[in-house]
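First up is the structure itself, then whatever we jot down about it.
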Amino acid sequence: MRTEQERRPWRLGPQAVQWFDAALVVGLLGLTAVTFLVGQPLHVTALSALQVAPLAWRRSRPATTFALVWLFSGVQALVYDYPAIGQLAYPVALYSLARFGRPRDARAGLALSLVATGVAAWVWVMAGRYDDPPPGVVQPDLTLMTFLPYTLTIGAIVIASWALGTQARIRRAYEQALMERGERMAEEAEQRTRAAAAEERTRVAREMHDVVAHGITGMIVQADGARYAAQHDPEVAVRTLETVASTGREALTEMRRLLGLLRGTSDPELVPQPGLDDLPRLLAADVAAGRVRSTLPDPAPAVPDGVALTVFRVVQESLTNVRKHAGADATATVDVRLDGPDVLVDVVDDGHGAAHPAGSGGLGLVGMRERVAVHGGTLDVGPAPGGGWQVRARIPR
């Protein structure tokens, strides 16, 4: 099973984000310094630095960062007729506004950027238009022909920056919604599992009365018989007391097993609980209809009442799952037999229940596992080798 960390999309951590933003700002400032060293005017270098510096707050204050970059870029367009390194900060600021800011602010930033695109393109075209041509050469008026490619190129960069930022914001929101939904589903599944376990323990409380009370009642009857027999045949009394001791130990073992499952149950309704003798009655209707083929021990072997009850519940819940998931035409085989010191229960169907995996949220499976585990047994549930679904329980007697 994947851990919570593995299910989350990979992202930079908080410290890595800080290092990345710092490296971005330092790198652009370094390029700005290089352009100054190769002859760029000092006031242009200063404006470039003012455009780059606000990027340090592009995640925490995207709207303020974009406003400052937009302002200093506009000032540069008024005082300098050519592009500068500092204007690389503009698409980063617009991306950050669309990525980390409010959608309304991002749309306003896009509109302002498209206006700035036209202004910048016009300034650069007009600057190139007034270059002095060589003597005797007549320079044609290419203002409009040059303005269009400038505008389309800068506009494409602006729109791409805004679109990438918007897409990243939408994707982040979608991922967050998926993670929250997954956490809610996991919590709900855990709650259903706890509720199923609590319900099963309540049922065990009802059954414990018959399991333990049966043994205690037998002990009382046998003890009374031993008391009367002691006067006439001490050997009978000894054998009877041995039976009393054996029955008491068995009842005590069953009581300890069942009490291990209980947590604060109330007074349940006390009714007789089924055992191995009741399996033919449980299967009679399905066998008559041809939906179930059964192989049951005849006569039913003598097993502790708790084991017999667990076998009955496993068969009952397995057939319930066959009716729910295997399909209307599915058939099942039920095999209950002794296998050495254990009782082996096999319920196999030929339907399409394999489409409902064991971990898909079935609450009956929780009860079966707890019942089998309390007796030290094992329960295997999964697709059958030839198709369909199989439940196999091995319960020590």
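Computed values, structure above
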item	result
Candidate set from region 326-350 (those that are over 17 Å from Gly377 (Cβ atoms) and open to solvent by 60 Å² or more (accessible area, probe 1.4 Å)); member that is modelled with the highest pLDDT	Asp350
Positions within region 312-324 being within 12 Å of Val391 (Cβ to Cβ) and surrounded by 14 or more Cβ atoms within 10 Å (Cβ to Cβ), in sequence order	Arg313, Val314, Val315, Gln316, Glu317, Ser318, Leu319, Asn321, Val322
Filtered residues of region 44-61 (kept if farther than 13 Å from Ile85 by Cα and open to solvent by 50 Å² or more (accessible area, probe 1.4 Å))	Ala56, Trp57, Arg59, Ser60, Arg61
Residue in region 17-30 that is more than 25 Å from Arg99 (Cα to Cα), surrounded by fewer than 16 Cβ atoms within 10 Å (Cβ to Cβ) and modelled with pLDDT of 80 or more present	yes
Looking only at region 272-301, and only at residues there that are in contact with a Ser or Thr (Cβ under 7 Å, 6 or more places away or on another chain) and open to solvent by 70 Å² or more (accessible area, probe 1.4 Å), the one that is farthest from Thr331 (Cα to Cα)	Arg293
One residue from Arg249, Arg192, Arg256, Arg203 being open to solvent by 50 Å² or more (accessible area, probe 1.4 Å), part of a helix (DSSP H, G or I) and modelled with pLDDT under 65	Arg256
Residue tally, condition within 12 Å of Val92 (Cα to Cα) and in contact with a Leu (Cβ under 7 Å, 6 or more places away or on another chain), over region 145-164	3
Test set (1) at pLDDT below 70; (2) open to solvent by 80 Å² or more (accessible area, probe 1.4 Å); (3) small (Gly, Ala, Ser) - Gly353 fails condition number	(2)
Any chance Val69 is β-branched (Val, Ile, Thr), free of Cβ contacts under 8 Å to residues at least 40 places away in the same chain and open to solvent by 40 Å² or more (accessible area, probe 1.4 Å)	no
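The values are calculated or read from the model by the stated rules, or taken from the named source; none is laboratory data. Just so we're clear, the structure is a prediction, and the values are computed from it rather than from any experiment. Positions of Cβ are generated from backbone atoms using ideal geometry, with glycine treated the same way; all protein chains shown enter the neighbour counts. Ligands, DNA and RNA are excluded from the accessible area calculation, which covers all protein heavy atoms including side chains. Shrake-Rupley method; radii C 1.70, N 1.55, O 1.52, S 1.80 Å.
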